[in-house]
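Notes for the one structure printed next.
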Amino acid sequence: MLELLLCSLLTILPDYLYRRYRQGKRIGHEITLYSVWFELRYGIVACLMLTVSLITMIFYFHPSTSSATLYYRTVPIMPEVTGRVAEVHVELSAPVKQGDVIFRLDSAKQEASLLTARRKIAETDAAMLAAEADIMKAEGQVQEAKGALQQATDELDVKRELQKRNPGIVPQRDIEKLEVAVAGRQGSLDAATAAKQSAMTRLSSLLPAEKASAEAALAEAQVDLDKTFIRAGVDGRVEQFALRPGDIVNPMIRTAGVLIPEGAGRRALMAGFGQIEAQVMKVGMVAEATCISKPWTIIPMVVTSVQDYIAAGQFRGGEQLLEAQQVVRPGTILVFLEPIYKGGLEGVTPGSSCIANAYTSNHELISSGKIGSFKSFALHVVDATGLVHAMLLRIQALLLPVKTLVLSGH
């Protein structure tokens, strides 16, 4: 309507003034309700053409959308294991800090596993003490075997020396017995040495490995026990938390509630603009928005990001071929808008629906002096027509509460 009124001032009104004061035609005489089309046909046709062109230019270079929402992400509250709820530390809706326990599962099995792991470590420590005693015992046996071997060897050497000096003085049978005794003593020494080496290996390698395994089992049992305490990962607020002691929770079936992080939905507004405006939407464009949860307020914003993909065109590989006609509704260009001034979104409820306008600005191109006068004038006109859209947004902001509360059958 505003575009039509503006265009009529530039077309129909001059045509009427020409007919009235130049040709002398009067309303009610030459210009009647039945002769309006014939008398003002040039102005009416020019007005319609200019109106269509103006509306097209305004909506293309200064796009608007009512699909703008202050999205926010929630964190599902769920345990990593299935179990029965033993304790609940928060109500249906309550603020929480990072690390606070929200609820606890029954941990009898995990505590038993933790106790078993601790007993295994204690058992390994006792085995290490026993191994140290075995080493000391083996050392004594080695010394004893060495002494016996040395005694048998010395006696054999004496017998052989006597036999060498005076053959026949020592029976050959005695020398053979001593040789067998020396071999036996050597075997005892080797056995004692091997026993000592085995005890040392057990103390230095086997038992430490068993203790490390027991400590790993203890750490695993502690982790499993910690998993029974479901804590808040971030500062925020728990909502729709109806869990009670005795309930069975399973992370594969459903969540126990939702955690809304602190400050969620306070940073950026996400708006979906038409695909035809993909070449117009640029990072750095000035924008404005008005939201239902904060009526009669215009929030100055700026475009900080423009998504390069249209969500309606995505697909997942499967067993069926993609049918293009299934995409009935054309997708939109997702644009991120952030307030220009700090605290611009204060008072806007996260999740609120909004109306957003973005405005094309050619000021830098015009001031660069790299374009001709005609193109510079045309770009001035394009920038100036953004005022019409700004007025429409303010009218929408004024009428939005009336439309919501009165005309929608509230």
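Taking only the Cα atoms of the range 177-296, how large is their convex hull per residue, in Å³? Walk me through the numbers before you get to the answer.
Values: hull volume 41.9 nm³, N = 120.
Hull volume normalised by residue count: 349 Å³.
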Quiz item: Which value results when the Cα radius of gyration for the chain is divided by 2.2 N^0.38 Å?
Solution: 2.14
Exercise. Would you calculate a helix-derived [θ] at 222 nm for the chain, using -39,500 (n - 2.57) for each DSSP H run of n ≥ 4 and dividing by the full residue count, to the nearest 500?
Key: -15000 deg cm²/dmol
Self-check item: Extension gain (nm, one decimal) between Phe374 and Thr304, 0.36 nm per residue minus Cα-Cα
Solution: 22.1 nm
Self-check item: Of Lys137/Lys211; Lys294/Lys342; Lys146/Lys196, those spanning more than 21 Å from alpha-carbon to alpha-carbon
Solution: Lys137/Lys211
Practice problem: Find the Cα radius of gyration of the range 178-234, compare it with 2.2 N^0.38 Å by division, and give the number to two decimals. | Solution: 2.36
Self-check item: Those aspartates and glutamates that a straight Cα-Cα span of less than 12 Å connects to Lys177, excepting residues fewer than 8 apart in one chain
Solution: Glu155
Practice problem: Rank Tyr341, Val52, Gly140 by how far each Cα sits towards the positive end of the charge dipole of the chain (+1 on Lys, Arg Cβ; -1 on Asp, Glu Cβ) and give me just the farthest. | Solution: Val52
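Using only C-alpha atoms and all pairs of different ones, pull out the Kirkwood radius for the range 62-123 in Å with one decimal.
Working: mean 1/r = 0.0615 Å⁻¹.
By the Kirkwood definition, the hydrodynamic radius is 16.3 Å.
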Practice problem: Please work out the Cα center distance from the range 282-301 to the range 351-369, rounded to the nearest Å. | Solution: 12
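Are there any chymotrypsin sites (Phe, Trp or Tyr not before Pro) in the range 27-65 that are in a DSSP loop and have at most 16 other Cβ atoms within 10 Å? List them by number.
Details: sites: Tyr34, Trp37, Phe38, Tyr42, Phe59, Tyr60, Phe61; in loops: Tyr34.
Loop-located and lightly packed - Tyr34.
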Quiz prompt | Solvent exposure of the range 285-395 as accessible area per residue, Å², 1.4 Å probe | solution = 65
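Stick to Cα atoms and the Kirkwood definition of Rh, then tell me Rg/Rh for the range 314-410.
Numbers: Rg = 20.9 Å, Rh = 18.6 Å.
Taking Rg over the Kirkwood Rh, I get 1.12.
For Tyr71, Tyr21, write out the residues from largest to smallest accessible area, computed with a 1.4 angstrom probe and no ligands counted. Walk me through the intermediate numbers first.
Values: Tyr71 125, Tyr21 170 Å².
So the residues, ranked largest to smallest area, are Tyr21, Tyr71.
Over the range 230-383, what portion of Cα pair distances is larger than 27 Å, expressed as a whole percent? Show your work: numbers first, answer last.
Values: 6032 of 11781 pairs.
In whole percent, the long-distance tail amounts to 51.
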Quiz prompt | Electrostatic dipole magnitude of the chain [Cβ: Lys, Arg +1; Asp, Glu -1; Cα centre; debye, to 20] | solution = 1720
Quiz item: Against the longest principal axis of the chain, how steep is helix 172-201, in degrees 0 to 90 to the nearest 10, with axes from Cα atoms?
Solution: 20
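The values are calculated or read from the model by the stated rules, or taken from the named source; none is laboratory data. All figures in this text were calculated on a predicted structure; none of them were measured in a lab. With ideal geometry, Cβ positions are generated from the backbone for all residues, glycine too; neighbour counts draw on all protein chains shown. For accessibility, only protein heavy atoms count, side chains too; no ligands or nucleic acids. Shrake-Rupley method; radii C 1.70, N 1.55, O 1.52, S 1.80 Å.
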